[in-house]
Amino acid sequence: MLQNKGFSRLALIIIAVLILGGGYWVWQNQTVTPPSALPEGEGTLTSPLGGGLEGVENWKTYTDSELGLSFKYPATWRDPERRIQSTRININFGNGFSVTSGGYYDQDKQRNLTIDEIVNSLMSNSYFKDFKRETLNLAGSVSTKVSFTTLTARDIEVYIPKSSQSDMVAISSDQTIDATTFTNILSTFRFIK
């Protein structure tokens with residue numbers, strides 16, 4: 001009887017380890033089918049869809065003279081909330097789309113991170129899968145677009161340098177914003193004086 005209890009416990013432990021290990025393997029190797037993304041490759045995003053930007057003439061314009069930026073967004077979206085987050089200001093539309101201006105401060109380095117340091121940190125994080133990086137020309141600046149999948153979503157982030165590589169605008173979208181809308185917003189983004 002004592003041998004059966006010991007064997008049963010050992011069998012339960014082995015089964016638990018197999019289930020946990022198998023679940024971890026599935027999580028690490030899961031592929032999320034991404035929605036269509038921005039056009040791939042390098043280039044200038046001025047009229048990415050060929051011809052004019054369809055439908056943006058009826059969009060609202062967000063302008064922030066303090067941050068020195070302006071862009072259009074769909075008239076059906078609610079007005080964004082502007083929040084201060086440490087060294088950044090976040091403009092959040094509450095629908096998976098946001099624009100953040102400022103620096104990303106690193107306590108260990110005691111300075112703001114550069115765009116390359118932020119992107120390299122994202123690339124080295126095993127939580128993000130299907131990582132893609134490309135260069136765009138937005139608002140007269142060489143900008144970096146990254147896209148990646150997480151366990152539940154496909155995200156796109158575009159980093160546009162302002163006065164330096166550590167002072168930037170980050171435009172972020174998850175899979176709830178369709179690719180055409182995101183591309184059109186990027187196409188209307190401007191720095192203002």
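Tally the residues that are of a type outside the set (S, T, N, Q), free of Cβ contacts under 8 Å to residues at least 12 places away in the same chain and under 20 Å from Arg154 (Cα atoms), restricting the search to region 71-122.
Total satisfying the criteria: 0.
Does Ser141 fit the bill of being farther than 21 Å from Ile185 by Cβ, of a type outside the set (Phe, Trp, Tyr) and modelled with pLDDT under 90? Steps first, answer last, please.
On the way: farther than 21 Å from Ile185 by Cβ: no; of a type outside the set (Phe, Trp, Tyr): yes; modelled with pLDDT under 90: yes.
For Ser141, the condition - farther than 21 Å from Ile185 by Cβ, of a type outside the set (Phe, Trp, Tyr) and modelled with pLDDT under 90 - is not met.
Within the group Thr176, Thr188, Thr144, which residue is in contact (Cβ under 8 Å) with a residue 40 or more places away in the chain and surrounded by 14 or more Cβ atoms within 10 Å (Cβ to Cβ)?
Working: Thr176 fails: surrounded by 14 or more Cβ atoms within 10 Å (Cβ to Cβ); Thr144 fails: in contact (Cβ under 8 Å) with a residue 40 or more places away in the chain.
Only one candidate qualifies: Thr188.
Spot the failing condition for Tyr127; the list is (1) surrounded by 14 or more Cβ atoms within 10 Å (Cβ to Cβ); (2) in contact with a Leu (Cβ under 8 Å, 6 or more places away or on another chain), and only one is missed.
Tyr127 satisfies all of (1) surrounded by 14 or more Cβ atoms within 10 Å (Cβ to Cβ); (2) in contact with a Leu (Cβ under 8 Å, 6 or more places away or on another chain) except (1).
Among the residues of region 163-173, write down those that are in contact with a strand residue (DSSP E or B) (Cβ under 6 Å, 6 or more places away or on another chain) and either open to solvent by 10 Å² or more (accessible area, probe 1.4 Å) or without any contact (Cβ under 8 Å) to a residue 24 or more places away in the chain (or both).
Quick first cut of region 163-173, residues in contact with a strand residue (DSSP E or B) (Cβ under 6 Å, 6 or more places away or on another chain) only: 166, 168-173.
Passing the criteria: Ser166, Ser172.
Out of curiosity, is Thr135 touching a residue at least 60 places away in the same chain (Cβ under 8 Å), open to solvent by 10 Å² or more (accessible area, probe 1.4 Å) and either in a strand (DSSP E or B) or closer than 24 Å to Tyr105 by Cα (or both)? Walk me through it before giving the result.
Working: touching a residue at least 60 places away in the same chain (Cβ under 8 Å): yes; open to solvent by 10 Å² or more (accessible area, probe 1.4 Å): yes; either in a strand (DSSP E or B) or closer than 24 Å to Tyr105 by Cα (or both): yes.
It is true that Thr135 is touching a residue at least 60 places away in the same chain (Cβ under 8 Å), open to solvent by 10 Å² or more (accessible area, probe 1.4 Å) and either in a strand (DSSP E or B) or closer than 24 Å to Tyr105 by Cα (or both).
Hey, can you tell me all the residues within region 93-116 that are outside any loop (DSSP other than H, G, I, E, B) and buried (at least 16 other Cβ atoms within 10 Å of the Cβ)? Walk me through it before giving the result.
So the first thing to find is which residues in region 93-116 are outside any loop (DSSP other than H, G, I, E, B), and the list is 97-102, 105-106, 111-112, 115-116.
Within region 93-116, Phe97, Ser98, Val99, Thr100, Ser101, Gly102, Asn112, Ile115 meet the criteria.
The values are calculated or read from the model by the stated rules, or taken from the named source; none is laboratory data. Everything numeric in this text was worked out from a predicted model, so none of it was measured. Cβ sites come from the backbone with ideal geometry, for glycine too, and all protein chains shown count toward neighbours. Ligands, DNA and RNA are stripped out before the accessible areas are found, and what is left, the full protein with its side chains, is counted by its heavy atoms. Shrake-Rupley method; radii C 1.70, N 1.55, O 1.52, S 1.80 Å.
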